[in-house]
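**Q** First the structure, then my questions, so here it is.
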Amino acid sequence: MARSIGRRLLPLLFLAPMLLMIALAWVSPLVLTVYLGFTDLSIKNFLAFVKDFFTDKVSITLDNFRRIFYAEDPYVGETLRVTVLYVVSVLSINAIYALALSIAIAYFTKNELLSMILRVTWLLPRITPGIIYALMWIWFIDPKYGLLNEMLRLMGVPDSWLPDSWLLRKPYSQMLMIMINGYVGASFGMIVYTAAIKSIPPDLVNAALVDGASEFQVARRIIIPLLKWPILFVTAWQTLSLLSSYEYILMVWGAGSGQGYGIARSAGVMVWSLYSYTKAFAEHLYGYASALSLILVAIGLALIILYFKIFGFRRLMEPSRVEV
Amino acid sequence: MVRVTLDNVSKFFGKVKAVVDLNLEIRDGEFVALLGPSGCGKTTTLLMVAGIYKPTRGRILFDDEDVTDLPPKDRNIGMVFQSYALYPHMTVYDNIAFPLKLKKVPRQEIDRKVKEVAKLLQIDELLDRKPAQLSGGQRQRVALGRALVKEPDVLLLDEPLSNLDAKLRILMRAEIKRLQKELGITTIYVTHDQVEAMSMADKIAVMNKGRLQQYADPQTLYNKPANLFVAGFIGSPPMNLVEGNIVEENGTYYFVSSSFKYRLPSGVGELIASETSSVILGVRPEDIKIVLGDGDDNVISGTVYVVEPLGRDLLVNVKVGETLFKILAPADLKLEPGQSILLAPNEKRIHLFDRKTGRAVI
Ligand SMILES: Nc1ncnc2c1ncn2[C@@H]1O[C@H](COP(=O)(O)OP(=O)(O)OP(=O)(O)O)[C@@H](O)[C@H]1O
Ligand SMILES: [Mg+2]
């Protein structure tokens, strides 16, 4: 009897630290975000608010959402446009370009060593600490000392064509945003894809070759169709993580200074999650920032439910398995 | 249809020598079986003929054209893989149509040919299904259909029946043989099942450890095995093999082992003694007669060890000293374990192999 209780308790004991972490780092912020999103908490009423926390003295209001949805905040529209540009273009690098690259590396490159070198090249940004990766970009694009301008000059691009700042001048700034995030994000798709390509039975490829397919036709008619689920998985997963990610933009462009917008706004790289971050930590409008985040959370949850419907549990957990 | 020639072909994977100096000629329209134990290089050989692997050394010819460096798509080959390798994302119809689509055959003609092949193989009911929804036998026929639909010059079959149950296997064996004769396609058929090879092929190439052991028609292979490996591999139950020496006494030659002495037919002894004296004697189970009571003078005496009824015959295990003989006897023979009997090998059908080289001496 005692043993069987022990059996049931022991796993819980092992899981406890993890469950505690989840509660602290995930559930409680979520509850707070929902709560704060319906209040007008800011730096001005902060102390009073904390005293009345979770009592009915706090006025619950829909003001924040009115500001967002009725365009009372003039920047919401632009932020939305930048976010769509960000998610769609980085996603196409992460999901589609990474696919082409994986096929090139894992199928067309028959030399194992070369294939491995190429794979590591794309993994480098992922294993570099984020702040160093960001600093390397900042240095790379520096108009005075940067390698980029130096290279372009060597290739014969006249000085007058070069922008005074890659960081500020649109559309270069936005291209930069896409590249910085695309390069570091591509590795995720590539790991999933290369594993999936390697799991395709060689006989299938051989059969197609014997049937008269060229190497290119093998890629198009056998490999890509077989990667259907991995492709969907990477797309789904990356959409979620891109919607809520802003760390590289924050590290390169900064969140805010002065008026609280930094150069992210003028460079045209202010994505939704960074906007929420800015509202909270540069302008200290905590209620409004929570409301902004809440919209992202809602979209994310809706997507996750949709994905479960499409994939089923097993495919979401085993993305690299090719179904044969 | 073409003649396929392998001219001193070798394939090495790093240190692994999968195929070594293979010479083989398959005549136009011939059905040749590649027979050998697992890992002897059968699949590797097929993949070289198909153009998937490039030989490390040697040449492959189709008729008189050197195809060694030709990519698979330019060889017009149909192949059934060991795993069938059906495209899991395509229906049966699309699987069979795939080679034709790649050839840019007009749509109506594709449709006609796919249906024709499907009918021939009796899979016309299955055209809308995906491979995952098929049984092993059905998959095998789809794979065969995909290989046949392009009207290949050479058909390569890699153990196509190994995944089927015994009954279906015998059925499909006859089907494939009939089909091959009807279409007259030059065919290489890989198997490790000697019965399959013997019953289907015009000629059999026996391989072991990447090397060709013997290339002959089934009868020759059975009656005149070129070496110990072939002798032991072909035939079931296998040939009895006994180590011994050739000894001369008063002008007569005897085979002497640790447990018995057997007089060799005149002429044979001299012939062998001139080459070597340490040999291995081989006699097939059906080439030994069991003699009850007194018999001829040239017999070996032993005791019955175990009797295994096989239905049509009895498989009798007989102990002669330390040596165990397996003998096929008529089913109505009454034998008891422990019973003393005499064995009379058929003089004309004994085999002798050089113990050092393993090669057949007669
Ligand atoms: N791609 C490869 N890389 C390295 N070694 C290989 C490769 N393909 C085959 N081999 C080796 O070559 C030898 C012959 O293999 P092969 O597949 O031709 O055997 P097989 O006769 O078809 O055997 P089975 O009856 O089991 O299918 C084996 O030792 C195998 O391990
Ligand atoms: Mg094989």
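**Q** If you build the convex hull over the alpha carbons only and average its shadow over all orientations, what do you get for segment A:74-284? Give it in nm² to one decimal.
**A** Hull-based average projected area comes out at 14.4 nm².
**Q** Once every DSSP H run of n ≥ 4 in chain A is given -39500 (n - 2.57) and the sum is divided by its residues, what mean residue ellipticity at 222 nm do you get, rounded to the nearest 500 deg cm²/dmol? Provide the component values of the computation, followed by the final result.
**A** Values: 17 runs with 211 residues, N = 324.
Mean residue ellipticity, 222 nm, calculated: -20500 deg cm²/dmol.
**Q** Related question: For chain A, which longest stretch is free of loop sites, where a loop site is one of the chymotrypsin sites (Phe, Trp or Tyr not before Pro) that DSSP puts outside H, G, I, E and B and that has at most 15 other Cβ atoms within 10 Å?
**A** Within chain A, the longest run free of exposed chymotrypsin sites (Phe, Trp or Tyr not before Pro) spans A:146-324.
**Q** Another question about this same structure. So if the hydrodynamic radius of the protein assembly as shown is defined as the Kirkwood radius over C-alpha pairs, what does Stokes-Einstein give as its diffusion coefficient at 37 °C and 0.692 mPa s, in µm² per second?
**A** 101
**Q** Something else about it: Please give the length that would be gained between A:L303 and A:I43 if that part of the chain were fully extended, namely 0.36 nm times their separation in residues minus their C-alpha to C-alpha distance (nm, one decimal). Please report the intermediate quantities before stating the final value.
**A** Working: separation 260, 0.36 × 260 = 93.60 nm, distance 3.32 nm.
Extra length available between A:L303 and A:I43 comes to 90.3 nm.
**Q** Rounded to the nearest 0.05, what FRET efficiency do A:R314 and A:L147 give with R0 = 51 Å and r taken as the Cβ-Cβ distance? Could you check?
**A** 0.65
**Q** If the only charges are +1 at each Lys and Arg Cβ and -1 at each Asp and Glu Cβ, what is the size of the charge dipole of segment B:240-354 around the Cα centre, to the nearest 20 debye?
**A** Dipole magnitude for segment B:240-354 comes out near 300 debye.
**Q** When the Karplus curve 6.51 cos²θ - 1.76 cosθ + 1.60 is applied with θ = phi - 60°, which whole-Hz ³J(HN,Hα) does each residue of segment B:230-244 get, with x for Gly and Pro?
**A** Running phi through 6.51 cos²θ - 1.76 cosθ + 1.60 with θ = phi - 60° gives 5, 4, x, 7, 8, x, 9, x, x, 4, 6, 10, 10, 7, x Hz.
**Q** Does segment B:35-139 classify as rounded, prolate or oblate by the C-alpha gyration tensor (a ≥ b ≥ c root eigenvalues; a/c under 1.5 gives rounded; else a/b over b/c gives prolate, otherwise oblate)?
**A** oblate
**Q** While we're looking at this one, here's another question. Give me the percent relative contact order of chain B, please, defined on Cα pairs under 8 angstrom at least 6 residues apart.
**A** Numbers: 742 pairs, mean separation 55.3, N = 362.
Reported relative contact order: 15 percent.
**Q** Order of A:T33, B:T252 from fewest to most other C-beta atoms within 10 Å?
**A** Working: A:T33 19, B:T252 11.
Placing the least packed residue first, the sequence is B:T252, A:T33.
**Q** Still on this structure: Taking loop as defined by DSSP and a crowding limit of 15 other beta carbons within 10 Å, which trypsin sites (Lys or Arg not before Pro) in segment A:86-131 fit?
**A** A:K110
**Q** Right, here's the next one. Let me know the mean shielding of B:96-109 by other chains, meaning the per-residue number of their Cβ atoms within 10 Å of its Cβ.
**A** Mean partner-chain Cβ count within 10 Å for B:96-109: 2.
**Q** Note the direction-averaged projected area, equal to a quarter of the hull surface, for the Cα convex hull of segment B:240-354, in nm². List each step's numbers first, then the result.
**A** Details: hull surface 28.0 nm².
Averaged projected area of segment B:240-354's Cα convex hull equals 7.0 nm².
**Q** How large is ³J(HN,Hα), in whole Hz, for each residue of segment A:9-20 in order, when computed from phi with the Karplus curve 6.51 cos²θ - 1.76 cosθ + 1.60 and θ = phi - 60°, using x for Gly and Pro?
**A** Going residue by residue, I get 7, 4, x, 4, 4, 5, 7, 3, x, 5, 4, 4 Hz, with x marking Gly and Pro.
**Q** Can you tell me the FRET efficiency between A:L124 and A:K170 if r is taken as the Cβ-Cβ distance and R0 is 45 Å, rounded to the nearest 0.05? Numbers along the way, then the final one.
**A** Details: r = 28 Å, r/R0 = 0.63.
So the FRET efficiency works out to roughly 0.95.
**Q** Specify whether the C-alpha gyration tensor of segment A:153-272 places it in the rounded, prolate or oblate class, a ≥ b ≥ c being the square roots of the eigenvalues: rounded for a/c under 1.5, otherwise prolate if a/b is larger than b/c and oblate if not.
**A** Because a/c hits 1.5 or more and a/b fails to exceed b/c, segment A:153-272 counts as oblate.
**Q** Can you give the mean number of other chain Cβ atoms that lie within 10 Å of the Cβ atoms in peptide B:74-81?
**A** Partner Cβ neighbours, averaged per residue: 3.
**Q** Looking only at A:L13, A:L243, A:L232, which one moves most when chain A is put into a Gaussian network model with springs between Cα atoms under 10 Å?
**A** Looking only at A:L13, A:L243, A:L232, the biggest GNM fluctuation is shown by A:L13.
**Q** At B:K167 and A:S59, where each label point lies 7 Å from the Cα along Cα→Cβ, what is the point-to-point distance in nanometres?
**A** 8.5
**Q** Do the sum for chain B: with -39,500 (n - 2.57) for every DSSP H run of n ≥ 4, divided by all residues, what is the mean residue ellipticity at 222 nm, to the nearest 500 deg cm²/dmol?
**A** Values: 9 runs with 90 residues, N = 362.
Result for chain B: -7500 deg cm²/dmol, rounded to the nearest 500.
**Q** A further question follows. If you take every residue apart from B:P218 with its C-beta less than 9 Å away from the C-beta of B:P218, what net charge results, scoring Lys and Arg +1 and Asp and Glu -1? Walk me through the intermediate numbers first.
**A** Details: positive: B:K203; negative: B:D202, B:D217.
After counting each charged neighbour, the total is -1.
**Q** Peptide A:199-206: average number of partner chain Cβ atoms within 10 Å per residue?
**A** 5
**Q** Which distance in nm do the two modelled labels at A:E78 and B:E25 give, with both placed 7 Å along the Cα-to-Cβ direction?
**A** 8.4
**Q** Next question. Over segment B:4-233, what lengths in whole Å, largest first, do the semi-axes of the equivalent ellipsoid take, defined as the square roots of 5 times the eigenvalues of the alpha-carbon gyration tensor?
**A** 30, 21, 16
**Q** Please compute the contact order of chain A in relative form: average sequence separation of alpha-carbon pairs under 8 Å and at least six residues apart, divided by the residue count, as a percent.
**A** It comes to 27 percent, rounded to a whole number.
**Q** Under a GNM of chain A (C-alpha, springs under 10 Å), which listed residue has the highest mean-square fluctuation: A:L250, A:L62, A:L296?
**A** Of A:L250, A:L62, A:L296, the most mobile in the Gaussian network model is A:L62.
**Q** Step through the table entries B:K15/B:K150; B:K17/B:K150; B:K261/B:K348; B:K42/B:K177; B:K42/B:K181; A:K309/B:K130, compare each Cα-Cα distance with 26 Å, and write down the pairs that go over it.
**A** Correct reply: B:K15/B:K150; B:K17/B:K150.
**Q** Quick one: which residues, 5+ away or cross-chain, put their amide H under 5 Å from the amide H of B:V154? H built at 1.01 Å from N.
**A** Here the answer is B:G78, since their amide H atoms fall under 5 Å of that of B:V154.
**Q** While we're here: Scanning chain A for GluC sites (Glu not before Pro) in DSSP loops with at most 14 other Cβ atoms within 10 Å, what's the longest stretch left with none?
**A** Values: sites that count: A:E72, A:E323.
It works out to A:73-322.
Every number in this text was worked out from the coordinates using simple rules, so none of it is lab data. Keep in mind that what you see is a predicted model, and the values were worked out from it rather than measured. Methodologically, a virtual Cβ is constructed for each residue, glycine included, from the backbone with ideal geometry; neighbour enumeration extends over all protein chains shown.
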